[in-house]
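One structure below.
The values are calculated or read from the model by the stated rules, or taken from the named source; none is laboratory data. Quantities reported herein were computed from a predicted structural model and do not represent experimental measurements. Here Cβ is always computed from backbone atoms with ideal geometry, including for glycine, and neighbour counts include all displayed protein chains. Calculation scope for accessible area: heavy atoms of the full protein, side chains included, ligands and nucleic acids excluded. Shrake-Rupley method; radii C 1.70, N 1.55, O 1.52, S 1.80 Å.
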Amino acid sequence: MAFQKPPGTQDFLPGASELWQYVENTAREVSRRYRFREIRTPMFEATELFRRGVGETTDIVEKEMYTFVDKGERSMTLRPEGTAGVVRAYVENKLYGEPELSKLYYIGPMFRYERAQAGRYRQFHQFGVEAIGSEEPSLDAEVIALGYTFYKEVGLTGVTVDINSVGTPEVRAVYRETLLGFLRPIKDTLCKDCQSRMERNPLRVLDCKVDQDKFEGAPSILDSLDEASSTHFALVRRYLDDMGVPYRVNPRLVRGLDYYTHTAFEYKAQGIGAIDTIGGGGRYNGLVSEIGGEDRPGVGLGLGLERTVMLLESQNAKPDFGPAVDVFVIALGERAEREAPGLLYRLREAGLSVDKDYQGRKTKTLFKAADRIGARYAAVIGDDELERGEVGLKNLKTQEQRQVPLAGLAEAVRAWNQQDEEGLTQ
């Protein structure tokens, strides 16, 4: 029986992995400019961390976690999201002792047992940031702007931002009763999940993807905000306006995690079937203490990289990565074959991407092979060239050929590249 990848997972093959590297490198560069530093946490944690951090009534905890008992009889779970693990590391390693707030980012795989469909996988990847240690509304706006900048710089168009305020626990307690007054008369018409959650966490009902048409006329949490929550939300909007980040206030936006307070937000884009949410986040002022640390406010986001890549492909926005190989070395004769490995090593040490034939193919097929792998130049060495200390260098795009010194091959390649680039800009 042939082995196949598990359902809901992917193989990232050469040719596709370059796009992933580009997306990840863009995330790292944007994080650097916003002064977020990388953190790497384990891919599995104690199950209780996610129960307490993510929330008992969330889909993630109720239905989607990959949980197992290890050989020490401990319940462990593959991480379904990034924030809880980062906050655990923040508490355990006493990062709250730093004089400044902690601004952290991560890139890595997450795991949820979901029905596989376009843009949704059981092993998926996220780029996330967490800023812990400040209640400033400007930090909310900065995190939202960072995500928007990432999507813009990676090359996507048509990305929009939805924002809302989910207030404080006290605000939600008041709103809860108002919302229940709306939901109870229609309870029998709602899906089983909504009926189950209604009394335990009615705000989560608004996040249901099945019953959205039944919530027309539902009370808005914005009408229940106290003065402090209203002021915080107004300042977030003001800072986004100052930054020029476009957004839409969406009063039904509650996000699928229980730890959010004040600001919640999502990034939307069309092009992945019925799914339009490609990332999101919010403020979580009570999460650090819930996980066992000193009470510190925080705000963060998580962006789905699968959905980012799919949108780049659907928008034909994949960047041109240029030649995959700078120089393809063609060795003619036994002496040239003996010299070729040393030449490849020296060219690679000089910073060039270099390859050669390892299958003993005939000379006439080697130029085609160089074309197939995307080489920019072919460097031909034979006995005569070695005697003269020269190499034949051919531009495979223009077909122009030059004889250049063997010892200066790397410099000749760089000079020719620069000449071509300057010609394009004139």
On a C-alpha basis, how far is the centre of the range 333-352 from the centre of the range 86-100 in Å? Whole number, if you could?
50 Å
I'd like the distance between the alpha-carbon centres of the range 215-233 and the range 163-178, rounded to an integer number of Å.
7 Å
Per DSSP H run of n ≥ 4, the term is -39500 (n - 2.57); total these for the chain, divide by its residue number, and report the mean residue ellipticity at 222 nm rounded to 500 deg cm²/dmol.
-11500 deg cm²/dmol
Neighbour-limited loop hits for chymotrypsin sites (Phe, Trp or Tyr not before Pro), the range 316-367 (at most 15 other Cβ within 10 Å; DSSP other than H, G, I, E, B)
F321, Y358
Can you pull the one-decimal nm distance between simple spin-label points at Q401 and T149, each 7 Å off the Cα toward Cβ?
5.1 nm
Please report, for the Cα atoms of the range 308-426, the Rg to one decimal and the Dmax as a whole number; what are they, in angstrom?
15.9, 54
Given backbone amide H placed at 1.01 Å from N, residues whose amide H is under 5 Å from that of L332, ignoring those fewer than 5 places away on the same chain, are I381, G382
Rounded to the nearest whole number, the Stokes-Einstein translational diffusion coefficient of the range 1-84 at 25 °C and 0.890 mPa s (Kirkwood radius, C-alpha pairs) in µm²/s is 154 µm²/s
Of the heavy-atom accessible surface of the chain (probe 1.4 angstrom), what whole percent is carbon and sulfur?
49 percent
When the Debye formula is applied to the Cα atoms of the range 1-42, each taken as the same point scatterer, what base-10 log of I(q)/I(0) results at q = 0.23, 0.29 Å⁻¹?
-0.89, -0.97
Within the set K63/K268; K268/K318; K318/K356; K71/K192; K152/K209, which residue pairs have Cα atoms separated by over 31 Å?
K71/K192
Of all the Cα-Cα pairs you can form in the range 236-319, what percent are over 15 Å apart?
67 percent
Between M43 and R388, 0.36 nm times their residue separation minus their Cα-Cα distance comes to what?
118.5 nm
Using each residue's phi in the range 286-303, evaluate 6.51 cos²θ - 1.76 cosθ + 1.60 at θ = phi - 60° and report the 3J(HN,Hα) Karplus result to the nearest Hz, with x for Gly and Pro.
x, 5, 4, 5, 4, 8, x, x, 5, 5, 10, x, x, 8, x, 8, x, 10
For the chain, what does the accessible surface come to per residue with a 1.4 Å probe? Please give it in Å².
51 Å²
Return, ordered by residue number, the residues of the range 127-170 whose backbone nitrogen is under 20 Å from a label point located 7 Å along Cα→Cβ of A118.
156-160
Those lysines that a straight Cα-Cα span of less than 20 Å connects to K362, excepting residues fewer than 8 apart in one chain
K394
Which value in Å does the Kirkwood hydrodynamic radius of the chain take, with 1/r averaged over all unlike C-alpha pairs and then inverted?
25.1 Å
